[in-house]
Amino acid sequence: MVSFGDALWWAFVTITTVGYGDYTPVTVEGRMIAVGLMIAGIALLGVVTATLASWLVDRVRSSEVQVQRANVDHVDALSRQIDELRAEMAHSREVFTAELRALREETPKG
């Protein structure tokens, strides 16, 4: 016997991937209980999956924050080194200019 209720039962069992394929349970009450169990099973699986996904996202986010902090620290260190090199270059330029001036003054013009 094929009825609209049988069609709904078959569709629900197929959609939830339970795949009974047969007609058990056969009573309306039994099928309602089975549908409730299928929904509860899918909900439980969804909660477990969502919890795992949330945990993974939090782990990735925390490691990204650590990497960003390390990058900021690295950029700050490089900025300090550049400032030190600029100061050293300026000092070297002053020393070179003074030595060049002294050499020019020592050289006889003639």
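The values are calculated or read from the model by the stated rules, or taken from the named source; none is laboratory data. These figures come from a predicted structure and were not determined experimentally. For the accessible areas, the whole protein counts, side chains as well, though only heavy atoms, and no ligand, DNA or RNA atoms are used. Shrake-Rupley method; radii C 1.70, N 1.55, O 1.52, S 1.80 Å.
Based on the inverse mean of 1/r over its pairs of different Cα atoms, what is the Kirkwood hydrodynamic radius of region 27-105, in Å?
Numbers: mean 1/r = 0.0522 Å⁻¹.
Final number for the Kirkwood radius of region 27-105 is 19.2 Å.
Quantify, in whole percent, the carbon and sulfur part of the accessible surface of the chain (1.4 Å probe; protein heavy atoms only).
Carbon and sulfur: 66 percent of the exposed surface of the chain.
Taking the alpha-carbon centroid of each part, what is the distance from region 72-97 to region 1-62 in angstrom?
Computed from Cα coordinates, the inter-centre distance equals 67 Å.
Got a sec? What order do Leu37, Leu100 fall in by accessible area at 1.4 Å, biggest, i.e. largest, first?
Heavy-atom accessible area, descending, gives Leu37, Leu100.
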